[in-house]
Structures are given as C-alpha cells and as structure tokens.
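What follows is one structure encoded as structure tokens, with my remarks underneath.
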Amino acid sequence: MSKVQTIGVLTSGGDAPGMNAAIRGVVRTACKLGIKVKGIKRGYAGLLNEEIVDMDSMSVSDIIHRGGTILYTARCMEFMTEEGQKKAAEICHKHGIEGLVVIGGDGSFRGAQKLANLGINTVGIPGTIDLDISCTEYTIGFDTAVNTAMEAIDKVRDTSSSHERCSIIEVMGRGAGYIALWSAIASGAEAVLLPERYDYNEQAIIDSLIEKHRSGKTHHIIINAEGIGHSTSMAKRIEQATGIETRATILGHMQRGGSPSCKDRVYASIMGSKAVSLLAEGKSKRIVAYKNGDYVDFDIDEALAMTKDIPEEQYQIFLSLVR
Ligand code: ADP
Ligand code: F6P
C-alpha cells in the first residue's frame, strides 16, 4: 500500500535527452502502484501558474525515444523567493499533490529541498547533460550529449584535416568540463581546455601547436569547454601566433537535442521508477543517484553539500594519449 495517493512530476532547468524516459518511468510505475499522477508543465513556473494536467499510462506512450521533455521546462525567478515557495506548496496541497518528482539539476534540487521543508514529499532525479551533480556518477542526457558532440567533432575533423587547419571546438557543460574531457578523449583531440584545470596559459598551447606542426602534424583539434569560452577570439590569436589557419566551431544547443541513447533511456527509466518507489514508501527529500554501479538515493541536504571534480587520472590519461 502506497503512503501517497497522488504525486506530481515536473522537469526543470535545462532539458536533457532522456527526460521523457524518466517521466514515462514515473508515470507507468505510479499507475502500477495505483498512485495518481499530475504532470506539471514548465517546471516551477508552471507549478506557480497551476499548469497541471492529469496523466495516465497512455499520456507517456511513444515518448521514450524522443529528446527534450513533453512537460516543457523553464527557469523561474518567482520560485526562488520564500513567498513563491510557500505559494507553490499551497498549490500542491490544493491539487492533492503529496509527493513531487523533480527532474533537473542542482538548482532544481534546491527548489525541491525548499518544498520538502514546507511539507511536500520530494524526490529529485538528476537530469542535465553537464554531469555536474556531485552525488551521482550519471546524469540523464550526458551520454547522448557527449555522443552528439563526438559525432560533430568527427565531422569538423574531416574538413580540418583536408585543409590542414587547426580547429577549436567549443562544447557545453556550463562550469564543468566533463563533456569536454570525454569528447576530447573520444575524438583523439590534441588539447582540451577544462574549467577545472585551465591555467590560461595560451602561450603553452601555441608553443605546442608550433612544435607539432614542425614535427609533421598537419591538423589539430582543440576541445574548449564552454566554461572557458571565447573560442572565436582564441582562434584568431592562435592563427596569428602560429601561422596555422584556425577556425572556431561552437556546438551549442545541438548537444541538448536528439533521440536519447540506449543508456540514457534505460538509466532514466530506472531512476523514474525508483523515485516513485521512494515516494510510495513515504520517503521525502531524496535524490536518486548512480554510484559504484548501483542505483542509490541520498538526502538532498547531504547531496547538495557534496563536491566532485574531474578525475585527475582521466585528465592525465588524456594528456598521455596525445602524440
Ligand atoms: P538546474 O536545475 O539545471 O541546475 P537552474 O539552476 O536554472 O537549473 O534551476 C532551475 C530552477 O530551479 C530555477 O529557475 C529556480 O526556479 C529553481 N531554483 C534554483 N535555485 C534555487 C534555490 N536556491 N531555491 C529555490 N529554487 C531554486
Ligand atoms: O545545463 C545545461 C546547459 O546546456 C549548459 O551546458 C549550458 O551552459 C546551459 O545549459 C545553457 O542554457 P540555456 O539553454 O539557457 O542557454
């Protein structure tokens, strides 16, 4: 017997491929347990505007393979205020929403933390392409995004190699360098600039390019993380200093779209299902995570206090693989 009769589900912050699979996991699991589900559109903004719809098993048919989020997503300033959070909790009560599944990133979890403190049972599911949530080794969308980036980089490499150019390719990740490091290893790049490691020594990059050029390397791929940015001006300076024709490509939002990978569909489905099981057990203020090969859950306060960094060993291995 479930401890809650009605739950809500919303997606918040930047969308990520696989969010639909998580929504499907939530709705289908809840239906099996006899729990009613209300879909809340446009994240916390939609909650405050009471954009709330009933969902059933059919509402999530034919979405597991689709990128984006059928519930739409938003960022909401009003919800950052105490009044906004109280209003949101009252709206949950009004609609009989006893538990809420929040699919999003750290910011969205802070919102879930506030709602839990106001008496709404909340469970977070990590959904962001950035992989920057400390309590988990997996976030929904990272796998698809990094594969999209890799495929795009392979294409840039073809033309870069034909023209014997240097290409600086900027990938997303906000302040985190996970997409940059993974796509740099996967695409055999010559250099990667990570916000966590970059010392702003552009001269070292220039010297290394000149040396590689002299030793016969005809094209060069540099992966630059969004957290460092300025790829276009960097390309101009590098071209001027090295004499190697250099182009910048900013991959941008294409990395957030597309059909989710198998991994993102499976992990997101499991996390969606697990979030509902936690609510059904009467748990609140939890975040579903993937750690050491297992699906686990953490207290939100503890999870938000955790920190993580790019594994130094992986960065060193990248460096050791560069010719
Ligand atoms: P993400 O969830 O991907 O990290 P944001 O940081 O933009 O994305 O957060 C998404 C939304 O979560 C914000 O627009 C806001 O409504 C809510 N939020 C973020 N931080 C807080 C906070 N400290 N307290 C309450 N709500 C927050
Ligand atoms: O958090 C996901 C992300 O795509 C980041 O990598 C990027 O910095 C940010 O969102 C972009 O946000 P927006 O879509 O609002 O421009």
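A quick yes/no check of all residues on (1) within 28 Å of Ala21 (Cα to Cα); (2) within 16 Å of ligand 1 (Cβ to nearest atom); (3) among the hydroxyl-bearing types (Ser, Thr, Tyr):
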| site | (1), (2), (3) |
| --- | --- |
| Ile179 | yes, yes, no |
| Ser183 | yes, no, yes |
| Ile205 | no, no, no |
| Cys262 | yes, no, no |
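With out of contact with any strand residue (DSSP E or B) (no Cβ under 6 Å at 6 or more places or on another chain) and modelled with pLDDT of 95 or more as the only criterion, which of Gly18, Gly67, Gly39, Gly46 stands out? Unique residue meeting the criteria: Gly67. Would a scan of segment 194-208 turn up a residue that is in contact with a Phe, Trp or Tyr (Cβ under 9 Å, 6 or more places away or on another chain), aliphatic (A, V, I, L, M) and either modelled with pLDDT of 95 or more or surrounded by fewer than 20 Cβ atoms within 10 Å (Cβ to Cβ) (or both)? Scanning segment 194-208 turns up at least one residue that is in contact with a Phe, Trp or Tyr (Cβ under 9 Å, 6 or more places away or on another chain), aliphatic (A, V, I, L, M) and either modelled with pLDDT of 95 or more or surrounded by fewer than 20 Cβ atoms within 10 Å (Cβ to Cβ) (or both). Return yes when Glu51 is more than 24 Å from Arg265 (Cα to Cα) and either surrounded by 15 or more Cβ atoms within 10 Å (Cβ to Cβ) or touching a residue at least 12 places away in the same chain (Cβ under 8 Å) (or both) and no when it is not. The answer is yes for Glu51.
Of the residues screened, Arg165 is one that is of a type outside the set (Ser, Thr, Tyr) and at pLDDT 95 or above.
Taking the criterion of being within 20 Å of Leu181 (Cβ to Cβ) and either more than 10 Å from ligand 1 (Cβ to nearest atom) or not aliphatic (A, V, I, L, M) (or both), the residues of segment 103-134 that qualify are Gly105, Asp106, Pro126, Thr128, Asp130, Leu131, Asp132, Ser134.
Run Met150 past the list (1) over 18 Å from the mean Cα position of the chain (by Cα); (2) within 12 Å of Gln255 (Cβ to Cβ) and report the number of the one that doesn't hold. Of (1) over 18 Å from the mean Cα position of the chain (by Cα); (2) within 12 Å of Gln255 (Cβ to Cβ), only one is false for Met150: (1).
Return a yes/no flag: does segment 227-245 have any residue that is within 16 Å of ligand 1 (Cβ to nearest atom) and either of a type in the set (D, E, K, R) or not in a helix (DSSP H, G or I) (or both). It would help to see each step written out before you state the result.
Our first condition is that a residue be within 16 Å of ligand 1 (Cβ to nearest atom); within segment 227-245, this holds for 227.
Among the residues that remain, those that are also either of a type in the set (D, E, K, R) or not in a helix (DSSP H, G or I) (or both) are: 227.
Yes: segment 227-245 contains one or more residues that are within 16 Å of ligand 1 (Cβ to nearest atom) and either of a type in the set (D, E, K, R) or not in a helix (DSSP H, G or I) (or both).
Every test in (1) within 13 Å of ligand 1 (Cβ to nearest atom); (2) among the aliphatic types (A, V, I, L, M); (3) closer than 25 Å to Ile228 by Cβ is passed by Ala149 save one, and that test is (1).
Looking at Tyr72, Tyr138, which is the one that is aromatic (Phe, Trp, Tyr) and touching a Gly at 6+ places or on another chain (Cβ under 8 Å)?
Values: Tyr138 fails: touching a Gly at 6+ places or on another chain (Cβ under 8 Å).
Testing whether each residue is aromatic (Phe, Trp, Tyr) and touching a Gly at 6+ places or on another chain (Cβ under 8 Å) leaves just Tyr72.
Contact annotation: residue pairs with Cβ atoms under 8 Å, 6 or more positions apart or on different chains, pairing a residue in segment 73-90 that is within 16 Å of ligand 2 (Cβ to nearest atom) and among the small types (Gly, Ala, Ser) with a partner that is at pLDDT 95 or above and not in a helix (DSSP H, G or I), are Ala74/Ser12; Ala74/Arg42. Looking across Ser208, Ser160, one residue alone is assigned to a helix (DSSP H, G or I), of a type outside the set (D, E, K, R), out of contact with any helix residue (DSSP H, G or I) (no Cβ under 6 Å at 6 or more places or on another chain) and touching a residue at least 60 places away in the same chain (Cβ under 8 Å). It is Ser160. Does segment 76-98 contain any residue that is in contact with a strand residue (DSSP E or B) (Cβ under 6 Å, 6 or more places away or on another chain), under 22 Å from Tyr138 (Cα atoms) and either outside any loop (DSSP other than H, G, I, E, B) or not charged (D, E, K, R) (or both)? Within segment 76-98 (the criterion being in contact with a strand residue (DSSP E or B) (Cβ under 6 Å, 6 or more places away or on another chain), under 22 Å from Tyr138 (Cα atoms) and either outside any loop (DSSP other than H, G, I, E, B) or not charged (D, E, K, R) (or both)), the answer is no, since none of the residues qualifies. With respect to the conditions (1) over 26 Å from Met306 (Cβ atoms); (2) away from ligand 1 (no atom under 16 Å from the Cβ), Gly68 falls short on a single one, namely (2). The residues of segment 39-60 that are assigned to a strand (DSSP E or B) and out of contact with any helix residue (DSSP H, G or I) (no Cβ under 9 Å at 6 or more places or on another chain) amount to a single one, Asp54. For segment 250-291, the set of residues classified as of a type in the set (Val, Ile, Thr) and within 16 Å of ligand 2 (Cβ to nearest atom) consists of Ile250 only.
Can you find even one residue in segment 123-140 that is away from ligand 2 (no atom under 16 Å from the Cβ) and not in a loop (DSSP other than H, G, I, E, B)? Within segment 123-140, one or more residues are away from ligand 2 (no atom under 16 Å from the Cβ) and not in a loop (DSSP other than H, G, I, E, B). Residues in segment 246-271 that are assigned to a loop (DSSP other than H, G, I, E, B) and buried (at least 23 other Cβ atoms within 10 Å of the Cβ): Pro260 alone.
The values are calculated or read from the model by the stated rules, or taken from the named source; none is laboratory data. Small disclaimer: the values here were computed from a predicted structure and weren't measured. When we count neighbours, we look across all protein chains shown, and the Cβ atoms used for this are built from the backbone with ideal geometry, even at glycine.
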